[in-house]
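Have a look at the structure below, then the notes.
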Amino acid sequence: MYLARVIGRVVATTRSPGLEGVPLQWIQPLDERGEGMGDTLVAAAAISSGPGDLVHFVDGREGALACPEPFVPVDAAILGFVEEAAVGAKDLADLEHRPAEEGDSTAAREERSHRPRRG
Amino acid sequence: MFLADVIGTVVSSVQIPLLDGEKLLLLRPVAPDGKAVGKTRIGIDRAQAGVGDRVIVIDEGNSARQILDAPNGAVKTIVVGIVDYVERDGEYIYDHREGTSVSLETPRKKVGA
């Protein structure tokens with residue numbers, strides 16, 4: 001299992017049978033500093049996560065086991081929200097420690113974290 | 001199985017029911033000499049480990065499901081033991097019995113890596 005930040009949603013109307021209704025989300029795995037680790041990927045979501053959320057996910061065959069129908073072509077699944085990820089005195093779940101985007105203000109980041117979810 | 005340093009804890013209250021009540025640890029895989037190797041990951045604690053321990057980790061689904069007694073569980077990474085010492089060529093290269101604790105310092109990324 002790895003830490004990740006949800007960075008977007010993926011909508012696919014035509015899917016493999018068994019994947020109907022499974023939300024697909026675009027995630028960026030994170031390291032212990034809260035920085036991006038490796039490539040972004042698309043994961044099936046077992047929880048109602050959305051863009052901006054800090055989550056944990058499992059990769060490999062176990063991803064499919066987190067789906068309502070366990071024999072589906074899925075190799076990554078979001079399993080839960082991360083409320084706290086403490087490394088020493090630092091909490092990666094704190095807004096303060098979220099990696100800032102270029103030209104990003106604290107207000108803009110706060111606005112993003114409270115943005116209402118669609119769907 | 002591989003060795004990893006426990007560098008933090010992860011708290012999640014909304015998650016798949018199988019993980020309810022399980023302690024999640026942030027793990028940094030290490031070589032026997034303590035050098036960081038591979039990607040930082042999250043593991044389920046089944047060894048009463050804590051921050052500062054060097055532990056043995058299984059990152060494989062069948063073993064994990066067996067340990068959690070969940071034949072269809074979406075689990076993979078489990079902490080199964082706490083390392084007392086690591087011996088190589090007759091020398092202790094890590095010895096927890098002397099009260100040594102793993103480093104929580106994150107190795108800096110190489111520039112351009």
Item checked: Label-zone membership for the range A:39-76, site A:E83, 7 angstrom Cα→C-beta point, backbone N under 16 Å -> A:48, A:54-56
Notebook entry, point to check: In peptide B:13-21, what is the residue-averaged number of other protein chain Cβ atoms found within 10 Å of each Cβ?
Noted result: 5
Next item on the list: Largest first and to the nearest Å, give the Cα extent of chain B along each principal axis.
Entry: 42, 37, 22
Checklist line | Computed E for A:D94/A:L41 - FRET, C-beta separation, R0 25 angstrom, nearest 0.05 | finding: 0.55
Check: Taking H as built 1.01 Å from N, whose amide H comes closer than 5 Å to the amide H of A:I7, not counting residues under 5 places away?
Finding: A:W26, A:I27, A:Q28, A:G52
Next item on the list: Take chain B, connect every pair of alpha-carbon atoms lying under 10 Å apart with a spring to form a Gaussian network, then pick out the residue of B:G21, B:G34, B:G61 with the largest mean-square fluctuation.
Entry: B:G21
Note to self: On a straight-distance basis, which aspartates and glutamates could pair with A:K90 in a cross-link, Cα separation under 16 angstrom, same-chain partners fewer than 8 positions away excluded?
What the structure shows: A:D31, A:E32, A:E35, B:E105
Checklist line | Amide proton proximity set for A:E83, modelled H, under 5 Å, gap of 5+ | finding: B:V11, B:S12, B:S13
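Just so you know, all these numbers are worked out from the coordinates, no wet-lab data involved. Model, not experiment: these values are computed from the prediction. FYI the Cβ positions are ideal-geometry reconstructions off the backbone, even for glycines, and counts take in every protein chain you see.
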